[in-house]
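**Q** Below is the structure I would like to discuss, written out as structure tokens.
The values are calculated or read from the model by the stated rules, or taken from the named source; none is laboratory data. Values in this document were obtained by computation on a predicted structure and should not be read as measured data. For neighbour counting, all protein chains shown are included, and Cβ atoms are generated from backbone atoms with ideal geometry for every residue, glycine included. Quick note on the areas: whole protein, heavy atoms, side chains included, nothing else; ligands and nucleic acids left out. Shrake-Rupley method; radii C 1.70, N 1.55, O 1.52, S 1.80 Å.
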Amino acid sequence: MATNETVTELLVIPLDESEVQRNTFFYLKNGFSRIIIKRNKITRVLETKPNEIEYMEFVYQEAIEMEVWRKDNEIDIKTHHHVSDLSRFFWPNADFEGLVLGAELMVWFFSFDDLFDCCVIEDENEIFRLVNRMNNLFMEGIIESDSTGPEKMAYHLRNKVKLICGEKRLSTFHRFNSSCIQWIDSIPPFLKLKRNQTALDFNLYLHHRKYNGGGIPCFIISEIILDPMATIDSFIWSDPRWIKMNEIIGIIIALVNDCISYEKELKDGGALLNPLKFIQIEKNYNIQEAFEYISNYLNVIIKQYIELESSFIKSYNNNNNKMNTNNSNFMSIINQLHYTAFGNFTWSMQTPRYRSETQPFIELRNTKIITKICNN
């Protein structure tokens, strides 16, 4: 999943931070194009076209009924488009039901997180109350009578996953709930750091983003979407190598997303939690050197991923486990980790959420932005 290619020299014009590096620019792909797949000595890029969009309108109507979004509200319509759009990038080979499930997860992620990230709710006691309510929902399957829109979506999502998993995949259902709780619990510490304007250490960042990035629930959803009939022994997904592979892809997604969202976070006052910023501070680097540091780290963990993936596949490619490796769903789920990493990069590059005229990355400068939101 990596090569020994040298990164093309980045074009950077140092500029005062107060101007949001208006004239500082270089190409993201010079660093991130090395996130490729290497298997059987053949290097290939798992680039796929995003899936169809029909599911987006269906999930939009669901979210309206659950009061996640306000009906006919232009801001909510655009927000829904931006977040539900992720599903077709993350799961390019999923069917309609799979895309809906993925989009419901994304709508829940963004609608709940934005309550705090966008400072809709700032009181610490209220944050604690809402976090505990959401945790209780996933642990006990109980929703309060005065439930919020995000809580209704979470309750719907939990029940759907439970129904799909059934008794045969009860362990998968429990893993999904646990991963959601881990993500929920990761929100308050990040908020505290952001409000205290505390710059992160890179190792602390990696530990936090392993859960805060939301990758693990997505990967468990992939197991459900791509093996709907539960033809693969569920114990396989508890293998520590698979868990570590999930964590590595989650870190790749977080690093790529944070670099792309750097300017947005700089403007929103959250840049001290962004690796492009705190690496500049910690190591006295300019933005180009910080980006090189991240790119080099990606190469290290991608190499680790390749070794783990090879060992993981090989260990189940024997007579006792032949039914698993001969099962096309097995390789589809493994390949899905690659699709998710690439899909995150592609989505982040095109969403208006991050594009602007002053982006430090050339590819993110505004050119043409899709304005069509829904079919209604």
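**Q** Using only the Cα atoms of the range 236-313, what are the Rg and Dmax in Å?
**A** So, for the range 236-313, Rg and Dmax equal 14.9, 44 Å respectively.
**Q** Further question on the same structure: Ile121 to Asp233: extension gain in nm, 0.36 nm per residue of separation minus the Cα-Cα distance?
**A** On the way: separation 112, 0.36 × 112 = 40.32 nm, distance 4.28 nm.
Working it through step by step, the gained length comes to 36.0 nm.
**Q** Mind ordering 243-249, 283-289 by average Cβ neighbours within 10 Å, highest first?
**A** 243-249, 283-289
**Q** Shifting gears a bit: By how many nm would the segment from Glu140 to Ile53 grow when fully extended, if each residue of separation counts as 0.36 nm and the alpha-carbon distance is taken off?
**A** Gain on stretching Glu140 to Ile53: 28.0 nm.
**Q** Same structure, new question: So if the hydrodynamic radius of the range 144-278 is defined as the Kirkwood radius over C-alpha pairs, what does Stokes-Einstein give as its diffusion coefficient at 4 °C and 1.567 mPa s, in µm² per second?
**A** 78
**Q** While we're looking at this one, here's another question. May I have the convex hull volume per residue, in Å³, for the Cα set of the range 111-214?
**A** 99
**Q** Leaving ligands, DNA and RNA out of it, rank Ile253, Ile184 by accessible area with a 1.4 Å probe, largest first.
**A** Ile253, Ile184
**Q** Could you rank the peptides 260-273, 334-347 by their average count of other C-beta atoms within 10 Å per residue, with the highest value first?
**A** Result, highest mean first: 334-347, 260-273.
**Q** Another one. Which pairs break 19 Å Cα to Cα here: Lys162/Lys210; Lys78/Lys264; Lys210/Lys244; Lys78/Lys277; Lys71/Lys152; Lys49/Lys210?
**A** Lys162/Lys210; Lys78/Lys277; Lys49/Lys210
**Q** Once label points are set 7 Å from the Cα along Cα→Cβ at both Asn159 and Ser315, what is their separation, rounded to one decimal in nm?
**A** Here the answer is 3.8 nm between the modelled labels.
**Q** Same structure again: Say each of Lys168 and Glu307 gets a label point 7 Å from the Cα, pointing the same way as Cα to Cβ; how far apart are those two points in nm?
**A** It works out to 3.7 nm between the two label points.
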